[in-house]
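Shown next, in C-alpha coordinates, is the structure this report addresses.
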Amino acid sequence: MQLTKKGHACVRLTREGRTLVIDPGGFSEEDAAAGADAVLVTHEHPDHFDEGRLRAALDADPAVTVWTLPAVAERLAAAHPGRVRTVGHGDTFEAAGFEVEVHGELHAVIHPDLPRVGNVGFLVDGEVFHPGDAFTVPDRPVRTLMLPLHAPWNKFSEVLDYAREVGAERAYAVHDGLLADAGLAVYGRNLGPQGPGTGRTAYARLAPGETVTV
(Lines give C-alpha, C1' and ligand atoms only; values in the text may rest on other atoms or scores of the structure.)
Protein backbone atom coordinates (compact mmCIF):
# COMPACT_ATOMS: atom_id res chain seq x y z
CA MET A 1 0.00 0.00 0.00
CA GLN A 2 1.30 3.45 -0.95
CA LEU A 3 0.78 6.29 1.51
CA THR A 4 0.98 9.84 0.19
CA LYS A 5 0.93 12.78 2.59
CA LYS A 6 -1.10 15.72 1.36
CA GLY A 7 -1.50 19.13 2.94
CA HIS A 8 -2.25 19.35 6.67
CA ALA A 9 -4.39 16.36 7.76
CA CYS A 10 -5.02 14.70 4.40
CA VAL A 11 -3.63 11.29 3.41
CA ARG A 12 -4.04 9.28 0.19
CA LEU A 13 -3.73 5.49 0.28
CA THR A 14 -3.33 3.55 -2.96
CA ARG A 15 -3.28 -0.19 -3.60
CA GLU A 16 -3.83 -2.18 -6.77
CA GLY A 17 -5.07 0.85 -8.65
CA ARG A 18 -7.60 1.89 -6.00
CA THR A 19 -7.33 5.12 -4.00
CA LEU A 20 -8.74 5.99 -0.58
CA VAL A 21 -8.47 9.58 0.67
CA ILE A 22 -8.81 10.64 4.29
CA ASP A 23 -9.73 14.20 5.34
CA PRO A 24 -9.31 16.31 2.19
CA GLY A 25 -10.05 19.55 4.02
CA GLY A 26 -9.64 23.23 3.33
CA PHE A 27 -5.99 23.34 4.40
CA SER A 28 -5.12 20.62 1.87
CA GLU A 29 -4.61 20.95 -1.86
CA GLU A 30 -7.69 21.80 -3.92
CA ASP A 31 -7.37 18.50 -5.78
CA ALA A 32 -6.70 16.38 -2.68
CA ALA A 33 -9.85 14.29 -3.26
CA ALA A 34 -9.56 14.18 -7.06
CA GLY A 35 -9.37 10.67 -8.45
CA ALA A 36 -10.38 9.01 -5.20
CA ASP A 37 -12.51 5.87 -5.30
CA ALA A 38 -13.66 6.51 -1.73
CA VAL A 39 -13.25 9.27 0.86
CA LEU A 40 -13.22 9.03 4.65
CA VAL A 41 -13.91 12.13 6.76
CA THR A 42 -13.16 12.11 10.49
CA HIS A 43 -15.22 15.16 11.49
CA GLU A 44 -16.85 18.40 10.41
CA HIS A 45 -14.15 21.01 11.00
CA PRO A 46 -13.18 22.76 7.76
CA ASP A 47 -9.51 21.80 7.88
CA HIS A 48 -10.71 18.18 7.53
CA PHE A 49 -13.95 18.60 5.57
CA ASP A 50 -14.30 21.02 2.67
CA GLU A 51 -17.88 20.64 1.54
CA GLY A 52 -17.44 22.31 -1.82
CA ARG A 53 -14.44 20.27 -2.84
CA LEU A 54 -16.03 17.04 -1.71
CA ARG A 55 -19.21 17.79 -3.60
CA ALA A 56 -17.09 18.44 -6.69
CA ALA A 57 -15.39 15.04 -6.29
CA LEU A 58 -18.77 13.33 -5.96
CA ASP A 59 -20.13 15.16 -9.01
CA ALA A 60 -17.06 14.33 -11.09
CA ASP A 61 -17.28 10.57 -10.55
CA PRO A 62 -20.60 8.83 -9.85
CA ALA A 63 -18.74 5.83 -8.39
CA VAL A 64 -17.13 7.77 -5.51
CA THR A 65 -18.43 6.98 -2.02
CA VAL A 66 -17.96 8.89 1.24
CA TRP A 67 -17.86 7.35 4.71
CA THR A 68 -18.17 9.65 7.69
CA LEU A 69 -20.03 10.48 10.89
CA PRO A 70 -23.59 11.89 10.89
CA ALA A 71 -22.72 15.61 11.16
CA VAL A 72 -20.86 15.48 7.86
CA ALA A 73 -23.10 12.94 6.13
CA GLU A 74 -26.23 15.04 6.59
CA ARG A 75 -24.65 17.87 4.58
CA LEU A 76 -23.94 15.64 1.57
CA ALA A 77 -26.40 12.76 1.53
CA ALA A 78 -29.46 14.47 0.03
CA ALA A 79 -27.63 15.47 -3.14
CA HIS A 80 -25.88 12.12 -3.48
CA PRO A 81 -28.32 9.40 -2.31
CA GLY A 82 -26.76 6.07 -1.50
CA ARG A 83 -23.22 7.33 -1.86
CA VAL A 84 -22.68 8.87 1.59
CA ARG A 85 -22.51 6.29 4.36
CA THR A 86 -22.79 7.06 8.07
CA VAL A 87 -20.44 5.23 10.43
CA GLY A 88 -19.58 5.24 14.13
CA HIS A 89 -17.31 3.68 16.71
CA GLY A 90 -17.03 -0.09 16.33
CA ASP A 91 -18.20 -0.22 12.71
CA THR A 92 -16.28 -2.12 10.05
CA PHE A 93 -16.75 -1.77 6.31
CA GLU A 94 -15.05 -2.04 2.92
CA ALA A 95 -14.35 1.11 0.94
CA ALA A 96 -12.74 0.92 -2.51
CA GLY A 97 -11.37 -2.50 -1.61
CA PHE A 98 -9.81 -1.35 1.67
CA GLU A 99 -10.93 -2.86 4.98
CA VAL A 100 -11.75 -0.08 7.45
CA GLU A 101 -12.44 -0.09 11.20
CA VAL A 102 -13.90 2.91 13.05
CA HIS A 103 -12.47 3.93 16.43
CA GLY A 104 -13.45 6.84 18.66
CA GLU A 105 -16.41 9.13 19.16
CA LEU A 106 -15.44 12.67 20.21
CA HIS A 107 -13.10 15.45 19.14
CA ALA A 108 -10.42 16.34 21.68
CA VAL A 109 -11.23 19.20 24.05
CA ILE A 110 -10.15 22.56 22.63
CA HIS A 111 -11.50 24.50 25.62
CA PRO A 112 -14.22 23.62 28.14
CA ASP A 113 -16.28 26.59 26.91
CA LEU A 114 -16.39 25.21 23.36
CA PRO A 115 -18.78 22.37 22.50
CA ARG A 116 -17.16 19.10 21.48
CA VAL A 117 -18.11 17.74 18.08
CA GLY A 118 -18.03 14.12 17.04
CA ASN A 119 -14.82 12.63 15.67
CA VAL A 120 -14.01 9.16 14.40
CA GLY A 121 -10.67 7.59 13.59
CA PHE A 122 -10.11 5.14 10.75
CA LEU A 123 -7.88 2.05 10.78
CA VAL A 124 -7.25 0.97 7.20
CA ASP A 125 -6.32 -2.63 6.36
CA GLY A 126 -5.22 -3.12 9.95
CA GLU A 127 -2.16 -1.04 9.04
CA VAL A 128 -2.69 2.73 8.97
CA PHE A 129 -4.57 4.58 11.71
CA HIS A 130 -5.72 8.18 11.22
CA PRO A 131 -7.29 9.46 14.47
CA GLY A 132 -8.62 12.76 13.15
CA ASP A 133 -8.63 15.34 15.95
CA ALA A 134 -8.32 13.06 18.96
CA PHE A 135 -5.82 10.88 20.78
CA THR A 136 -7.84 7.72 20.27
CA VAL A 137 -5.98 4.48 20.99
CA PRO A 138 -7.33 1.53 18.99
CA ASP A 139 -7.93 -1.69 20.88
CA ARG A 140 -5.57 -3.55 18.55
CA PRO A 141 -1.97 -3.13 17.40
CA VAL A 142 -1.24 -0.45 14.80
CA ARG A 143 1.81 -0.50 12.54
CA THR A 144 1.52 3.01 11.06
CA LEU A 145 0.13 5.94 13.05
CA MET A 146 -0.78 9.28 11.51
CA LEU A 147 0.29 11.51 14.40
CA PRO A 148 -1.53 14.85 14.93
CA LEU A 149 1.47 17.08 15.41
CA HIS A 150 0.09 20.51 16.24
CA ALA A 151 -3.39 21.86 16.94
CA PRO A 152 -5.30 24.18 19.29
CA TRP A 153 -6.30 21.09 21.25
CA ASN A 154 -2.89 19.55 21.96
CA LYS A 155 0.56 20.19 23.38
CA PHE A 156 3.84 18.44 22.73
CA SER A 157 3.83 16.27 25.85
CA GLU A 158 0.43 14.87 24.85
CA VAL A 159 1.60 14.18 21.30
CA LEU A 160 4.63 12.29 22.57
CA ASP A 161 2.67 10.33 25.17
CA TYR A 162 0.08 9.41 22.54
CA ALA A 163 2.75 8.06 20.20
CA ARG A 164 4.18 6.00 23.06
CA GLU A 165 0.76 4.67 24.09
CA VAL A 166 -0.24 3.55 20.60
CA GLY A 167 3.19 1.97 20.17
CA ALA A 168 3.13 1.80 16.37
CA GLU A 169 6.20 0.77 14.44
CA ARG A 170 6.24 4.17 12.75
CA ALA A 171 4.44 7.49 13.01
CA TYR A 172 4.07 10.08 10.27
CA ALA A 173 3.05 13.66 11.00
CA VAL A 174 -0.37 15.00 10.10
CA HIS A 175 -2.17 18.12 11.30
CA ASP A 176 0.94 20.18 10.66
CA GLY A 177 -0.49 22.91 8.43
CA LEU A 178 -0.26 25.63 11.09
CA LEU A 179 3.48 25.19 11.61
CA ALA A 180 6.19 27.20 9.87
CA ASP A 181 9.55 25.63 9.05
CA ALA A 182 11.02 26.61 12.42
CA GLY A 183 8.18 24.91 14.27
CA LEU A 184 8.44 21.78 12.15
CA ALA A 185 12.15 21.62 13.00
CA VAL A 186 11.42 21.89 16.73
CA TYR A 187 8.86 19.09 16.60
CA GLY A 188 11.17 16.97 14.48
CA ARG A 189 13.99 17.37 16.98
CA ASN A 190 11.80 16.62 20.00
CA LEU A 191 10.29 13.52 18.37
CA GLY A 192 13.65 12.34 17.07
CA PRO A 193 16.81 10.94 18.69
CA GLN A 194 17.52 14.23 20.47
CA GLY A 195 14.15 14.23 22.22
CA PRO A 196 12.76 12.32 25.21
CA GLY A 197 12.13 9.21 23.11
CA THR A 198 9.10 7.78 21.35
CA GLY A 199 9.55 4.23 22.59
CA ARG A 200 9.41 1.64 19.82
CA THR A 201 7.92 4.16 17.35
CA ALA A 202 10.07 5.70 14.62
CA TYR A 203 8.85 9.21 13.78
CA ALA A 204 9.12 11.00 10.43
CA ARG A 205 7.44 13.86 8.65
CA LEU A 206 6.57 13.52 4.99
CA ALA A 207 6.45 16.66 2.91
CA PRO A 208 3.15 17.19 1.06
CA GLY A 209 3.24 15.00 -2.04
CA GLU A 210 5.81 12.57 -0.62
CA THR A 211 4.97 8.87 -0.81
CA VAL A 212 6.12 5.83 1.20
CA THR A 213 5.24 2.15 1.11
CA VAL A 214 3.59 0.76 4.24
Helix 51-60 against the longest principal axis of the chain: what's the angle in degrees, Cα atoms only, rounded to the nearest 10?
50 degrees
Options Val21, Leu191, His107, ranked by Cα towards positive dipole end of the chain, top entry (Cβ charges)
Leu191
When the chain is treated as a GNM, springs tying every alpha-carbon pair under 10 Å, which of Glu101, Glu44, Glu74 comes out with the largest mean-square fluctuation?
Glu74
Project the alpha carbons of the stretch 11-72 onto their principal axes and report the range along each, largest first, in whole Å.
31, 22, 21
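For the chain, what is the charge dipole size about the Cα centre, in debye to the nearest 20, if Lys and Arg each add +1 at the Cβ and Asp and Glu each add -1 at the Cβ?
In total the dipole reaches around 440 debye.
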Give the relative contact order (percent, whole number) for the stretch 1-97; include only Cα pairs under 8 Å separated by 6+ residues.
21 percent
In debye, nearest 20, what is the charge dipole magnitude of the stretch 116-202 about its Cα centre with +1 on Lys and Arg Cβ and -1 on Asp and Glu Cβ, if you could check?
160 debye
State the antiparallel share, in %, of DSSP beta bridges confined to the chain, rounding to the nearest 5.
55 percent
Rounded, prolate or oblate, given the Cα gyration tensor of the chain, with a/c below 1.5 counting as rounded?
prolate
Helix 181-190 versus the longest principal axis of the chain: what is the Cα-based angle in degrees, 0 to 90, to the nearest 10?
60 degrees
Give me the mean projected area, in nm² to one decimal, of the convex hull enclosing the Cα positions of the stretch 138-214.
5.3 nm²
Antiparallel DSSP beta bridges within the stretch 94-195, as percent of all bridges there, nearest 5:
60 percent
DSSP bridge pairs, the stretch 13-88: antiparallel proportion in percent, nearest 5:
25 percent
Suppose all protein chains stay in the model; what accessible area per residue would a 1.4 Å probe give for the stretch 111-188, in Å²?
40 Å²
Toy charge model, Lys and Arg Cβ at +1, Asp and Glu Cβ at -1: the stretch 73-134 dipole around Cα centroid in debye, rounded to 20, equals 320 debye
Helix-only estimate, please: 222 nm mean residue ellipticity of the chain, summing -39500 (n - 2.57) across DSSP H runs of length 4 or more and dividing by its residues, to the nearest 500.
-4500 deg cm²/dmol
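The values are calculated or read from the model by the stated rules, or taken from the named source; none is laboratory data. Nothing here was measured: the structure is a model prediction, and the numbers come from that model. When we count neighbours, we look across all protein chains shown, and the Cβ atoms used for this are built from the backbone with ideal geometry, even at glycine. Please note that ligands, DNA and RNA were not included when accessible areas were found on the heavy atoms of the full protein model with its side chains. Shrake-Rupley method; radii C 1.70, N 1.55, O 1.52, S 1.80 Å.
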